[in-house]
Amino acid sequence: MCLAIPAKITTLEANSMAEVDILGVSRHVSLDLVPEAKVGDFVLVHAGFAIQVVDEEYAEETLQILKDINLVDMEAELAGTGE
């Protein structure tokens, strides 16, 4: 199963990269597919790439659904172990 997770852009970096926040976890992602994205925007992230800019309401609703099915908690635990 493939998922794109909503994330908020916190910092723009060189070479079309950005730092994003996913429920308190920071990740570096490529903005090559969404060059219009800016700090404060919410994007869907899949395999290290932001693939679409989405509105905050959609992002929050999607994250809540992922929390409700316990998928986000599992992903956060894996991120903390380096797996």
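Based solely on C-alpha atoms, express the radius of gyration and the Dmax of the stretch 5-81 in angstrom.
Reported Rg and Dmax, both Å: 12.0, 36.
Along the Cα→Cβ direction, 7 angstrom out, place labels at Thr11 and Leu33. What is the inter-label distance in nm?
Simple spin-label model gives 2.4 nm for this pair.
Extending each Cα 7 Å along its Cβ direction at Ala47 and Asp21, get the distance between those two points in nm, one decimal.
2.9 nm
Kindly rank 59-66, 9-16 from highest to lowest mean number of other beta carbons found within 10 Å of each residue.
Details: 59-66: 14.9, 9-16: 12.1.
Most protected by this proxy first, the peptides run 59-66, 9-16.
Quick one: Karplus J couplings for the stretch 27-43, per residue in order, coefficients 6.51, -1.76, 1.60, θ = phi - 60°, nearest Hz, x for Gly and Pro?
Calculated HN-Hα couplings, in order: 9, 9, 9, 8, 9, 3, 8, 9, x, 7, 5, 9, 4, x, 6, 9, 10 Hz.
No value in this document is a laboratory result; all are computed from the given coordinates. Fair warning: this is a prediction, and the values are worked out from it, not measured in the lab. Cβ coordinates were reconstructed from backbone atoms using ideal geometry, including for glycine residues, and neighbour counts include every protein chain displayed.
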